[in-house]
1. Please give, to one decimal in nm, the separation of the simple spin-label points placed at THR29 and LEU66, each 7 Å out from Cα toward the Cβ.
2. What is the sum of charges around ALA52, taking Lys and Arg as +1, Asp and Glu as -1, for the other residues whose C-beta is under 9 Å from the C-beta of ALA52?
3. I want the local charge near ALA72. Using Cβ-Cβ distances under 11 Å, sum +1 for each Lys or Arg and -1 for each Asp or Glu among the other residues.
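The numbers here are math on the coordinates, done by the rules we state, and not lab data. The shown structure was predicted, so the numbers you read here are calculated from the model rather than taken from an experiment. Cβ atoms come from the backbone with ideal geometry, glycine included; neighbour counts cover every protein chain shown.
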Amino acid sequence: MGRGWGMRLGWRRGLVFTAPPQGAPQAPTAPKVDLEKCVGCGECARTCPFGAIQIRDGKAVVNETLCRGCGACVSACPTGAIS
Ligand code: SF4
Ligand code: SF4
């Protein structure tokens, strides 16, 4: 009985140590916008589930703090401006 508890505690401790620190950047793979190809259609901004894209001066701008790197905008862009 006691042995089982000990194993469970050890397993939990492992999880705590491998968890990322709070406040760490969330977007290691934020997409890049090719401003030459972007036509400002806003399709990427509508598609992003995290509200991480805005259209400014007719071009898409990615907020790297909000971006989770899901890649939805890359597929949505009709001109291939996001990679
Ligand atoms: S990769 Fe995902 S979260 Fe990041 S800007 Fe594109 S759609 Fe939004
Ligand atoms: S979907 Fe593509 S072309 Fe349209 S605003 Fe976004 S990056 Fe620009």
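1. Distance between label points: 2.1 nm.
2. Details: positive: ARG68; negative: GLU64.
Combined, the nearby Lys, Arg, Asp and Glu give 0.
3. Details: positive: ARG46, ARG68; negative: GLU43.
Summing Lys/Arg as +1 and Asp/Glu as -1 gives +1.
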